[in-house]
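Derivation of every value follows stated rules applied to the coordinates shown; laboratory data play no part. Keep in mind the model is a prediction, meaning the values are calculated, not measured. We place every Cβ from the backbone using ideal geometry, glycine too, and count neighbours over all the protein chains shown.
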Amino acid sequence: MTRTTAYMDDEARLLELIEERVVEHGGDLGGWTARSGDDLKLFDGRISLRAEILDDGDEKPVVHAHVFATLHDDGGEVLDACVIGMGTDRDAALGQAAIIWMQGVGAPIRSFLDGREVCMASRMEVGGGRAYAGPFFPRGLDDRAVAALDDSLPWFRYAAASAPPRRVHLAKVSVSTGSGTGWTRQMEIGGHDILHTDADWPAGVASSAAGYLTRFAVFELSPAEIARRGELDRTILHFAGHYAGGGFTDELVEEMVRQGFDPDLVHETEMISTIAFGRHFFEPRGVVYPPTIIRARADGRVEADVPLLSLPAYTRARALAPRLEQTLAPDDFVSLCCHSAESGAILKAMESDGDVDLTALTFAPCAVPDRDASPETMDAALRLQQRGMDERLPAPPVKPWWKLW
């Protein structure tokens, strides 16, 4: 995707349209505005906007815009909103993008700044801190399905677990369905920096028409979580940068603990983050994985169906994997991606059959222990895993009674 002079002219036009829409709306979105060059100040100068229009190679009147909002009240945090506008011509598409930004992004930002709901924004549970979501924007869905979608649904679940170590974040969800089929949710944080797919989103209603909808939310992490998230990222990057193959992992873990890394985070990195690296490598090759794992807990409990997207050690590793793929030597990155038990099973299948169909492989959820989980608890987790595998196997054919002896 590229930018051209024509698209730069569109960027100025988009900011002009956003300013016009905000001024026309007034009310809770009011305050003085000022536009100069590629900068637009809104809400009495509390935020500044700039825009980028990306060329997707599509000649249709569709605008793919990124609007960057700098929050001057919050230390200059920048929120990147990916907005798609459609219309009968280019200016109409820019106008729709402006409306979507004002209602879907601008209103949650103003709500977050003021600590109250404004302009159809609503409070939302995202990570325990302040969070406000805008209205959603449906395209193609039937009216009955749209009317049934409300704030009780898990629109932004796992968003906080995915966020990098900063205070204020913008999440975007795109939820789509075919005619009469289930729903798939894609969640982005920071524009396209973080992208997760939730293949079975519980909308609780079917749509007779194929379509999708988008929704944005502004949320914050607590100071304690920011610090822990920063330490987790540091741990993941150090582990990945010093990984020297599975035979040396124990030595690496011990050395990291001696250097002062948190032992629990080091353990989560070895056990959970490496699952993320393996999936980053093999998913583009057609491998389909279960979305959950089994946890053997230090207190003796066994937890089934723990969503990987709820675990920061997994989601942050997925977010950091593209960066590591660019900075590590190719062989080192591949070695890191092949550390997990899932990747080991794939390699064994490939060794036994050079033409193995990776799309046909079936995986049970991994059993993953806490750092201090007992062997007995891990054995119980493995038994649960085995039961799940047995249930997935086809039942053997029943012999006719005359062949039973």
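When only Cα pairs under 8 Å and 6 or more residues apart are kept, what is the percent relative contact order across the stretch 5-221? Provide the component values of the computation, followed by the final result.
Numbers: 484 pairs, mean separation 36.2, N = 217.
Relative contact order here is 17 percent.
Please name which of VAL334, VAL306, ALA381 has its Cα lying farthest along the dipole of the stretch 224-392 towards the positive end, using unit charges on Cβ (Lys, Arg +1; Asp, Glu -1) and the Cα centre as origin.
Among VAL334, VAL306, ALA381, the one farthest towards the positive end of the dipole of the stretch 224-392 is VAL306.
If we sort 297-303, 46-52, 339-345 on the protection proxy, mean other Cβ atoms within 10 Å, highest first, what's the order? Show your work: numbers first, answer last.
Working: 297-303: 13.7, 46-52: 20.9, 339-345: 18.6.
Packing proxy ranking, top to bottom: 46-52, 339-345, 297-303.
Please state the charge dipole magnitude for the stretch 28-109, taken about the Cα centre, from unit charges on C-beta atoms (+1 on K and R, -1 on D and E), reported in debye and rounded to the nearest 20. Mind showing how you got there, number by number?
Details: 6 positive and 15 negative charges, 47 e Å.
Dipole about the Cα centre, nearest 20: 220 debye.
Binned at 5 Å from 0, what are the whole-percent values of the Cα-Cα distance distribution for the stretch 224-392, short to long?
Taking all Cα pairs of the stretch 224-392, the binned fractions are 1, 8, 16, 20, 21, 17, 10, 4, 1, 0 percent.
If I model a spin label at THR184 and ARG258 as a point 7 Å from the Cα along the Cα→Cβ vector, what separation in nanometres do I get?
Computed distance between label sites THR184 and ARG258 equals 4.8 nm.
From zero outward in steps of 5 Å, how is the percent of C-alpha pairs of the stretch 1-148 spread across the bins?
2, 10, 18, 22, 20, 14, 10, 5, 1
With Cα Rg over 2.2 N^0.38 Å defined as stated, name the option among [x] 1.25; [y] 1.13; [z] 0.98 computed from the structure displayed.
Read-out from the structure maps to [y].
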